[in-house]
1. For the range B:473-575, take the convex hull of the Cα atoms, compute a quarter of its surface area, and give me that in nm², please.
2. Over the range B:877-925, one equal point on each Cα, no solvent: what is log10 I(q)/I(0) by the Debye formula at q = 0.13, 0.14, 0.17, 0.25 Å⁻¹?
3. Considering the Cα trace of the range B:431-495, what is its radius of gyration and what is Dmax, both in angstroms?
4. Go ahead and run the numbers for FRET between residue A:71 and residue A:348, Cβ-Cβ distance against an R0 of 45 Å, rounding to 0.05.
5. Evaluate Rg over Rh across the range B:62-147, taking Cα atoms for both radii and Kirkwood's formula for Rh.
6. Please give the per residue volume of the convex hull enclosing the alpha carbon atoms of the range B:719-878, rounded to a whole number of Å³.
7. For B:738-747, what's the mean count of beta carbons from other chains sitting within 10 Å of each residue's beta carbon?
8. Which whole-number percentage describes the relative contact order of chain B, with Cα contacts under 8 Å and a sequence gap of 6 or more?
C-alpha cells in the first residue's frame, strides 16, 4: 500500500475543485469599480535635501543656474525647449492661413495687458528666465533659465522686474530650498495671471494655496499638486491653454486618469461623447475670488475713483464676477488665433482665440469657458490691434498718453502706427479645467434639460432640448449637424 | 347651461369624430379654425422640413414648448362680451371656450368634480369614515382639514356649500360643486331653503344660519388659468374665494401680470395690456401646458429648477398638502443644497426626487388620458394580431377636447375617480427591473413582494404629519400636532415610511411605503358626526384665552398656559370636562374617536445608489418590513384609533401601546389567507421557534449521547485495555465512492454553515448575506448533482444493494449490532457484523441510510428547490404552502442532518483506532478482524 499513500491528496484536490469551480463560476461578484483613477497618478518622488549640496555665495540668478546645471546637466537644454522659457509655440498652421505661425506670449497679444512688447519689465516677472529686457534676449543661453522660480520655496524666492530675482532675495537660501514644484510655485504666476490674483483664468487663484474640497476636489479633498496632473518629463510640462497654444497637443484630459464611461449610469455615460467632463463637473468659476470678466481700456487715463475691481487709471474699467456661470461652446481642443497684424472689423467683437468645433464635429464637445470681453486699442487706419507701451519707459502707465504709447512701441511690437487709434471689442476664451467640484455638487440633469436654462440649445445648433429632440447622433430631425 | 356630465364610462369615447363635434353645444368661431390651421401648419412644417422651420418659428425648446403655440386671445366675460366693454369678470368658459370645448373639459375632470358626482349619504363611500359622503374633497372628511361638509338634513351644520368653496376652494380648480348643486343644478338657480346647506352659510359670530346669495357671489368656473399660465396668482384667487367673490376668482388669478389689478369689489382691467384687436399677447398671458409648478399649487412642494434652496414654508398651507401628509417633495435639488436643517446634510447628495432631477414633469406621467402622445389603449381592447394601433386621436381633436381626466395611480386617500385608478403607467411600465437589478438575487420574488417604492423611497426628508389631536385645542384654536422626522437636537432626520400591503393594478399584492397619520377628535350624535370646530372652540376657549374651567383642569404646573405635556386628555376627569362642555353646547353624547389613515408614497424616489440595497435591512431580526412606526406620543382619552384601510391599501398590523404611553403600528407579515396578501416568510427574519428549539434539542442530545458513549468507551478501555486483534486489510471503498463521499461531506458542511447564516444573519454579520445565499444555492446544486450521479452509479453497478436492508435476519442482526454498541464495545467484544466488499454496511447503517437517503436528503433537496422556485414558479411554491411552510421544514431537516453528522462522525471513531474508519474512507482500505473469517474477502482486486 505504500505506493498509494498520497493518492488521497489527489482526491482532496479533486473534491475541493469540484466545489470551488462551480462557486467561482456561478457566484456573481460585485461589479468591479468603474475605474481606478489613482492608477493615473504617478507616485510623488522622494525629495532630495539640497541644503548640504549648495554652499558659497551667489551674486546673480544665472550663477545659481550654473550651479544647478553642474549636476542637472540636461536640465538647461530641456528648459531651452520648454514653452515656459520660450513663450512661443512650435509653428502651427491655423485654419484659413497659408503659412505657419508661432503663438505665445512672446509674439502675440491678448485682451488683458495686451502684449509684452515694450513691457518686458513687468511682463517677464513671470518668465522662467532672467533678465529679458528686449527683443534681443538670448534664448539659447541655458544660464538664463530661472530654476528657482519653479523649484525654490516661494517664501524665500521671488521675482522682480525683467524676471530677475527680487530685491533682497537670499539666493543661497533659495537654492538650498529647491524641490518638486508645489502649487505655490506654479501659483506665483498662474494664480495671478493678468496682473493680480484671480484676474485671468477664473478657475485658478490664490484660494488654491489652501484649497477646500469645494474649491477643487483634486487639490482640495485629495491634496493634489499641480504637477500631479501637469505631468512633466524633461521639463516639458503637460497641459495646454488656447490662449497661447492653438492645437490640442500636449493636452491633459480627465480621462488620463478617469475611465471614459465612469458614471455607473448609462444615461450619464452617453453624455461623454457630447459633453466635456468639465461642463458638469465645473459648475461655476471663481468660487472664492472674483475674476475679471470684462476690461474696458478706453476709459483708462481718467481721474476717476479707483478700486481694484472696478476702475484703475492705468488700466481702465473692469467687471469682476464671482461664481460665474461659464459660457458653453463646442470645442474640439483646437482654437483659431488672432495673429499680430491681422485686420479686424472694429464694429464687431474680434475673437482672439475662437475655440474650434461645432455640433457636426464628432470630436467637439460642449465645453465650459470663461469668456473675457475687452475693449482694447487698435489702429484706426491699419485696422489691427495695437500693443501699447504701458510698463516701459514713457509708457501709458506713467504718461497716460496713448499716442506716445503706440508711437514709442512700433519697433518693439513690429506694428506700424498710423497715428490714429480707436478701441474695439474683443473676446478671449479661457478653458476651465480647475475648480472641479466634488461629484455631489456636479450639475444635475435639470440644470440644462427640462426647465433648466444653462445651455442655449438653439445657439448650440440643436432644434431643441435633445432630451426631447434626440442627440446630435440621432436622426429624429434629420442630420442635426447640418 | 348644460347639466354637468356625470357619466364616466370607460375612456374610449375618445375619438370625437365629426358627429360628436356637430352635437357639441358650442359653436366654434373662426379663431378655432385659425388656431387649428396654425397647429396643422406647424405640424406639417415639422414633418416636411426636419424641424428647422419649427425651430425657427415656433422655438419649441423645452421651457417654451407650447407657449408660443397659443395665439393672442381676447378675454371674454360670461356673456361672451370683451371684458373691457363692461369691466366684468373674465369667464374661462367663454374665453377658452372660443376654441376649446370647455363644457366637455369641465364635464370630464375629476379635478372639477372632486366628489360631487359620487356624493351620497353619510357612510356611502366604500372606504373612509362613517360620516363621509363622497370619495373626494367635496364630502370626504379629513381630520387634517377637520371641517365637515354637512349633508342635507343635519341639524347641526358645520360647513355649507358656499363655505366649502370659501375654505376648500384653495385646493379646488373650480367647476363641479362650485357651480352645481348636489342635485346638479346650477347653484345660481337654486332656491333659498332654510334647511339647505347649499343656500345657507353659518354666521361665524353667532353660529346662526343665514341665506347665501349665489347670484351676488357668482359661482367658480373651472379655472383654466390656474393650471395653464406660467405665473397664476393663486394668492389673489384664494383671497377672492375667501371673500366670497366667487365669479372673480379667475380674474384674480390673472392679477399681478399687468392685465388686471385690484381687490374684492374693485377689479380694473388694464386696456393697455390688450392690442388694438382686443387680444392679449402671449408675452402678457403665457398660456401653456401645465408645468409641474402649476400642479404644486395644490399638491405639495414642487420645485423644478434648482434656483436657490428649496424651503418648505408653512406645511399647513393648502398647497403643501402632499408634503404635509407624506413628506414628499418633487424637486431635482440635492438635499444638501436645500434650506432644511437636515442631519448629516453634507452627505445627502441625493435629489429630493430623481424624476424631477431627470426633468420629468408631473404631466409626463399624469397625462391627459386622451393625449395622443401618451395614451395607449389597453391591450385587451386591441385585437390579438395588433401590437400597436396607429390610428390615434388627431392633435387638433385633442386640443379641441382635451380630456381633463388625468392618469392616476391608486393611492390611499386618493379615492376620487376610482374608475381611473391605475390608468397611470407604473414604475415597471418605463423601467426594466431585470436590466438594472443584476445584483439582486431572486429578482422576481422581490418584485412580486415589494413595490419599487419600498426600496426606492427609503426615507422621506421633509417633515410629515405624524398625528393630529383635535380632542384638545391650542389657544389659537387649532389642534395639537406631532410631526415625523425631527431629531431631538432640532435637526431634521427624515423618517422611514411604513410598509403596508397594497393591491397593485395587476391585482398582485405588494408592500409599499406609506405614512400613517393618527388622529383623534370628538364625535357626537347618532349617526356620528365630528364636532364642529366652532363648538370645539366654544368648549375650550373664551375669546382668545382658555376658558378658566378648562385651564384649571389642564394646567398642571399652574403657569397659566398649557404646554405640550399638559394639552392632552389623559384622565377621565379631563375627558368628562370637555365632553360636558360640548354637551352643554347641544352636542349629543360627545365622545372621542380616532383613526389611522395611510398616505401612499410614490414620489421622492431615489436612484439605486440611495435605495435600500443592504440585504440584512430586511433579512434580519429588525427587518425593515416589520419595523414598527410610531403613531403618537400619547393616546388621547385612551381611545385606540381605528385603522382605516381602503380597497387598495390594507393595514394588517396591530396597534401597540407601549409602556411610556406611545402608540406604535406594528406591521404583520403573516395574516389570514382571505386578506389576499400572501404570507411572507423573510429568510433571516422569520423563524419558527418550536422548530429551532426542537432541532437544537435533537442536535444537543445527539452530541451529549455521543459524548457519553465516548466517555464510557474511554473508561472501559482504561479498565480493560483492548487486546491487539489480528486484522487484515480489505479494500472496501472504490475511488468513485470515496470521491462521492468526501464531496458530499464538503458540500453538506458548507450548506449547513451557509444555511445557518441565512437563518440567523444577525449572528454572522461579517458574511455578506447576498453571497452566502448564492453560495448556498451553488452548493445545493452540487449536492443534488452529486447525489444523482451516485444514485446512478449505485444502480448501475448494483452497489445499491449495499443500502438495501435484507429482510432475512435483519432484526437479529440489528439487535446484535445495537447490543454491541450498548454493551460489547465497552468489553472489547468483536463486531457482530463483518464488513466485506459485498456488504459494507451493517443493518443499523442500512436502516439509517435508508431513512437518510430516501427521506431526509430528498426532503431537504425538494424543500430547498421549491424555496428557490418561489421566484421561478411562485404558484407551485405557493401551492405547497409557500415559504412559511417550506422554510421551517427545511430548517428542521437541516437540524436532523446536522444531528446525523454528529452521530456518523462519532461512530467512525469506533474502529480499532479512532481514525481507522476515516482512513478507510480516504484510502479505501479498511481493517477487518480476522477472528471469524468469511470467504468474501477474496473479492479484492
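No lab work stands behind these numbers, since they all come straight from the coordinates. These figures come from a predicted structure and were not determined experimentally. Quick reminder, even Gly has a Cβ in these numbers, built from the backbone with ideal geometry, and neighbours come from all protein chains shown.
1. Details: hull surface 42.8 nm².
Computed as one quarter of the Cα hull surface, the answer is 10.7 nm².
2. Debye output, listed in q order: -0.50, -0.53, -0.61, -0.86.
3. Just the Cα atoms of the range B:431-495 yield Rg and Dmax of 19.1, 57 Å.
4. Working: r = 55 Å, r/R0 = 1.21.
Efficiency computed from Cβ-Cβ geometry: 0.25.
5. On the way: Rg = 18.9 Å, Rh = 16.0 Å.
Answer for the range B:62-147: 1.18.
6. Working: hull volume 30.8 nm³, N = 160.
Per residue, the Cα convex hull of the range B:719-878 comes to 193 Å³.
7. Values: counts 4, 6, 1, 2, 7, 7, 1, 1, 6, 3.
Taking all residues of B:738-747 together, the mean is 4.
8. Working: 1535 pairs, mean separation 80.1, N = 941.
Normalised by residue count, the contact order of chain B is 9 percent.
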